[in-house]
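First the structure, in the form of structure tokens, and then the observations on it.
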Amino acid sequence: RQLPACDAALKRGAWERGGAGVELEGKTLGLIGCGRVGKLVARIAMGCGLRVVAFDAYPDDGFRPGDGFRFDSLDAVIAGADFLSLHCPPSADGQPVLGADAIAGMKPGSFLVNAARYDVFDADAVLAALESGLLAGLAFDAFDTEPPTDTRLARHPRAIATPHVGGYTMESVDRAMHAAVENLLAALGPGPTEGGNAIV
């Protein structure tokens, strides 16, 4: 729905709706990486009426969230996705998982979401695809250096970029704090006791 542009227009006092958006129902979400997070995304997407096709280097054949889900090859996922979402680690050889050739094979007018590390895609190829119209939109949350020195993708009018806040919630901070305290207590071991209670 071009939300950033619509929001910015309203904040400057203009009523600019821009072009029409697209609906999710009946479209195909491609997942590159179907681990813990990818599986959650698949379930949410299917609840919105999307078909989900996933590639994972080590697919969980027991994961069957519904009839609209299947695993397929990397090339098939890339070529068939209306929305392509990345949830994979960087490749061991340092090459982008979604390189220039793979991006060229994406469906015209598709959308790309990078919910992984910045270097899993070829940023120059993604920018060229946005400029040519091959990609209708991009969303991403991480950069190669933070704060970024190259902001060409972040400034593109059809991109939504956020400063690495995807997992930054009040709840995640609480979980991290509790885990840190538990790890510290485990490392310290049982201390002296007083009246049957450990003194920490």
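The values are calculated or read from the model by the stated rules, or taken from the named source; none is laboratory data. Treat the numbers as computed from the prediction; the structure is a model and nothing was measured. As a convention, Cβ positions derive from the backbone with ideal geometry for all residues, glycine included, and neighbour counts pool all protein chains shown. For the accessible areas, the whole protein counts, side chains as well, though only heavy atoms, and no ligand, DNA or RNA atoms are used. Shrake-Rupley method; radii C 1.70, N 1.55, O 1.52, S 1.80 Å.
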Go through segment 108-129 and give me each residue that's within 20 Å of Asp82 (Cβ to Cβ), of a type outside the set (A, V, I, L, M, F, W, C), in contact with a Gly (Cβ under 9 Å, 6 or more places away or on another chain) and buried (at least 19 other Cβ atoms within 10 Å of the Cβ).
Ser110
Cβ pairs under 6 Å, 6+ apart or interchain, first in segment 1-20 and more than 14 Å from Ala136 (Cα to Cα), second part of a helix (DSSP H, G or I) and open to solvent by less than 70 Å² (accessible area, probe 1.4 Å), ordered by first then second residue, are Glu16/Ala9
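Considering only residues that are touching a helix residue (DSSP H, G or I) at 6+ places or on another chain (Cβ under 9 Å) and without any contact (Cβ under 8 Å) to a residue 40 or more places away in the chain, which ones fall in segment 80-94?
Hits for segment 80-94 are Pro90, Ser91, Gly94.
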Quick one: which of Gly49, Gly38, Gly62, Gly66 is closer than 27 Å to Gly133 by Cα, more than 16 Å from the chain's Cα centre (by Cα) and open to solvent by less than 70 Å² (accessible area, probe 1.4 Å)?
Gly49
